[in-house]
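The structure appears right after this line, and notes come after that.
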Amino acid sequence: MRFTTLLACLLVSQVILAELRGTGDLGLIIEREPAAVQIINTSTQKTLSHIADLGDLSHASVVYSRDARYAFIFGRDGGLSKIDLLKDKIDQRIIQAGNSIGGAISQDGKLIAVSNYTPGGVKIFSSETLDLIADIPAIYANNKRSKVVGLVDAPGQKFIFSLFDANEIWVVDLNAVTKPKIQKFTNIGKQPYDALLSPDGRYYIAGLFADNGLALLDLWSPEKGVKRILPNYGKQDEKLPVYKMPHLEGWAAAGNLMFIPAIGQHEVLVIEQSTWQLIKRIPVLGQPVFVMARPDGRQVWVNFAFPDNSHLQIIDVKDLSIEKHLQPGKAVLHMEFTPRGEHVWVSARDDNHVLVYDTQNFKELARLPAKKPSGIFFSNRAHKMGL
């Protein structure tokens, strides 16, 4: 009897040990049409599980808790979903607005901020319970509400975002979480459509859809206000149709250089960060959407809007020239590098697969089936600002 009991305990222990896993090499693949995600392992390059019933994921983005156990998914339908990566299930899910386009997690990991189109504004939730903590309506002239874009977390327990309709940037200090302090910067330029935070957390840069140039806020010296950089770019160029807006959060920072997708042009702009001057315009195949740097900064990978969205081009940062041209499949929507950059994962939505490439020799290493895949988000994002 004792032997049987001991054997049973050993078997249970073995099962438990077999189920244990870390979260450092996990990630999510967004599957648009089935409103689902895959939990994947970047080391084994395999799918671990599927989680469904996540609402409208046509413009979904993801952030991670500090311990990388939980993923928070922001859906276009206003859904905020908390996924347990160890239990392969939805931990909590709420509908917090009518139309949401993204979110961020605070410096201390305790707050989740969501940016909304409808109604325009930002809502702040507890990352533990998803209880609403603060509601910040994006109200401007004549009591109108603006769509909110470009929401990022920033040092000092702050969130920063832009008001598309009001032409403003707001900085929200949440050190006193029940009494947010809001600093507003007005007349920054027409229609800020997206934004990014530099990797060191110092600069917030908003792209302007209806104006030339970019709006730059130095968070070390906010008293200087918003500065316009590249104010003359594109004035003399013929404007091409814009089939898809570039995603500024996919901008590449490589050393002192920033690589930026040009709006309405078949170019990647290279800017010297110390002077914010344009030093080169790199011709590319089509209109760039994501311009993403390998973690070591040696390569920049570029995907494109329709009709060139089956292609990728890779820029050699040393020479500022095109190094490689790949065709992973139809409708390449997103790329994500493994934490140290040896591999890159690429979604090909209309071919229903995700590919894994070796970034040294560009060989295909794996191909995972996925239903209309779009965004790919790895858990190492838990330890990065502005993502």
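Residue-level analysis places residue 324 among those that are under 20 Å from residue 259 (Cα atoms) and in contact with a strand residue (DSSP E or B) (Cβ under 6 Å, 6 or more places away or on another chain).
Taken together, 169, 205, 160 contain a single residue that is touching a residue at least 24 places away in the same chain (Cβ under 8 Å), touching a helix residue (DSSP H, G or I) at 6+ places or on another chain (Cβ under 8 Å), part of a strand (DSSP E or B) and among the hydrophobic types (A, V, I, L, M, F, W, C), which is 205.
Screening residue 17 with (1) surrounded by 20 or more Cβ atoms within 10 Å (Cβ to Cβ); (2) modelled with pLDDT under 95 gives one miss only, at (1). Considering the stretch 369-382, the residues that are touching a helix residue (DSSP H, G or I) at 6+ places or on another chain (Cβ under 9 Å) and in a strand (DSSP E or B) include one that is surrounded by the fewest Cβ atoms within 10 Å (Cβ to Cβ), namely 374. Among the residues of this structure, residue 336 does not count as one that is among the acidic types (Asp, Glu) and touching an Asp or Glu at 6+ places or on another chain (Cβ under 6 Å).
Within the stretch 355-387, being farther than 18 Å from residue 85 by Cβ, among the aliphatic types (A, V, I, L, M) and in contact (Cβ under 8 Å) with a residue 40 or more places away in the chain holds for 356, 365, 366, 385. If you go through the stretch 174-189 one residue at a time, do you hit one that is under 23 Å from the mean Cα position of the chain (by Cα), surrounded by fewer than 15 Cβ atoms within 10 Å (Cβ to Cβ) and over 23 Å from residue 264 (Cα atoms)? So far as the stretch 174-189 goes, no, none of its residues is under 23 Å from the mean Cα position of the chain (by Cα), surrounded by fewer than 15 Cβ atoms within 10 Å (Cβ to Cβ) and over 23 Å from residue 264 (Cα atoms). Selection over the stretch 253-304 of residues that are surrounded by fewer than 22 Cβ atoms within 10 Å (Cβ to Cβ), of a type outside the set (A, V, I, L, M, F, W, C), free of Cβ contacts under 8 Å to residues at least 60 places away in the same chain and on the phi < 0 side of the Ramachandran plot gives a count of 15. Restricting 77, 67, 153 to those that are within 19 Å of the chain's Cα centre (by Cα), within 26 Å of residue 193 (Cα to Cα) and outside any strand (DSSP E or B) reduces the list to 77. Scanning the stretch 176-202 for residues that are without any contact (Cβ under 8 Å) to a residue 24 or more places away in the chain and assigned to a strand (DSSP E or B), we see that the one that is nearest to residue 252 (Cα to Cα) is 184.
Entry remark, the stretch 85-133: residues being more than 19 Å from the chain's Cα centre (by Cα), farther than 20 Å from residue 171 by Cβ and either β-branched (Val, Ile, Thr) or assigned to a strand (DSSP E or B) (or both) number 11 in total. Only one of the numbered conditions (1) touching a strand residue (DSSP E or B) at 6+ places or on another chain (Cβ under 7 Å); (2) on the phi < 0 side of the Ramachandran plot is not met by residue 128, and that is (1).
The values are calculated or read from the model by the stated rules, or taken from the named source; none is laboratory data. Computed from a predicted structure; not experimentally measured. So basically every Cβ, Gly included, is an ideal-geometry build from the backbone, and we count neighbours across all protein chains shown.
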